[in-house]
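The block underneath contains the structure these notes are about, expressed in structure tokens.
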Amino acid sequence: MSLLEIKDLKKNFVDPEGGSLRVIDVPRFSIAPAKELALRGTSGSGKTTFLNLIAGILSADSGSIAFGGIEVTTLSAAARDRLRATSIGYIFQTFNLLQGYTCLENVLLGMSFGPGADRSRACQLLERMGLGKRMDYYPRQLSVGQQQRVAVARAVANRPKLVLADEPTGNLDHQQSKAALQLIRDCCLEEKTALLLVSHDPEVLGQFRETLDFHQLNRVSEPSTTAP
């Protein structure tokens, strides 16, 4: 049984000349519960758009996204937000931490949109990330690698069924990248959470048993340099 089932998914954007630019054309894609999968693709190929459609951040032009038996494409924007808050964790390449809030507050705020803020779990997660002594630090007071760990804690805090990771090591050096990736994978494994990661880095992709070429998945023939 699939956790995520996609059929005939299409998404267009308006190009600089005012025309329609197709970015996503995925006939079929699925991922099983607790599965780990990496998507390989170049910059501008539409990978981020694909993840944003799955997460409900963007709405599809046509097609079906069934998540846990729920048809995401028929939900209102508010309902998609609720689904994402309770069932989908998202690790952004730029982390998207709120700069005016501490590490702990960033995790608690993420939890508040789901089942509710659980201070004990938030503290436990930050301890697990090696940030026990930095819970009251603001993002600007942390290294890039430490900010990444806060983002990982926030993504898994609500025990989602699926974690989406968009080039999560793209801003890290080699050592930080290796450690961050292992942390993400370990957290998902422990929580029996499915992980869908996209990357263009051969070293990152080489650590996954199963990878899929996004250019084969997506029928858009030429990756666009302007695609999100």
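Which residues, counting only those in the stretch 23-71, are farther than 26 Å from Asp186 by Cβ, surrounded by fewer than 21 Cβ atoms within 10 Å (Cβ to Cβ) and of a type in the set (S, T, N, Q)?
Matches in the stretch 23-71: Thr42, Ser43, Thr49, Ser59, Ser62, Ser64.
Return the residue satisfying two criteria in turn: it lies in the stretch 193-214 and is within 16 Å of the chain's Cα centre (by Cα) and part of a loop (DSSP other than H, G, I, E, B), and of such residues it is surrounded by the most Cβ atoms within 10 Å (Cβ to Cβ).
By that ranking, first place goes to Thr193.
Scan the stretch 47-73 and report the pairs whose first residue is under 20 Å from Thr193 (Cβ atoms) and whose second residue is assigned to a strand (DSSP E or B) and among the acidic types (Asp, Glu), with Cβ atoms within less than 6 Å and a gap of 6+ or a chain change.
Close Cβ pairs satisfying both conditions: Leu51/Asp166; Ala66/Glu5.
Conditions first: (1) surrounded by 18 or more Cβ atoms within 10 Å (Cβ to Cβ); (2) of a type outside the set (A, V, I, L, M, F, W, C); (3) part of a helix (DSSP H, G or I). Lys11 passes all but one, so which condition is the exception?
(3)
I'm told Ala85 meets every condition in (1) out of contact with any strand residue (DSSP E or B) (no Cβ under 6 Å at 6 or more places or on another chain); (2) hydrophobic (A, V, I, L, M, F, W, C); (3) assigned to a loop (DSSP other than H, G, I, E, B); (4) on the phi < 0 side of the Ramachandran plot except one. Can you identify the failing condition by its number?
Condition (3) is where Ala85 drops out.
Quick note: the coordinates plus some simple rules give every number you see, no bench work behind them. This one's a predicted model, so the numbers in the text were calculated from it and none came from an experiment. Every residue, glycine among them, receives a Cβ derived from its backbone with ideal geometry; neighbour counts consider all protein chains shown.
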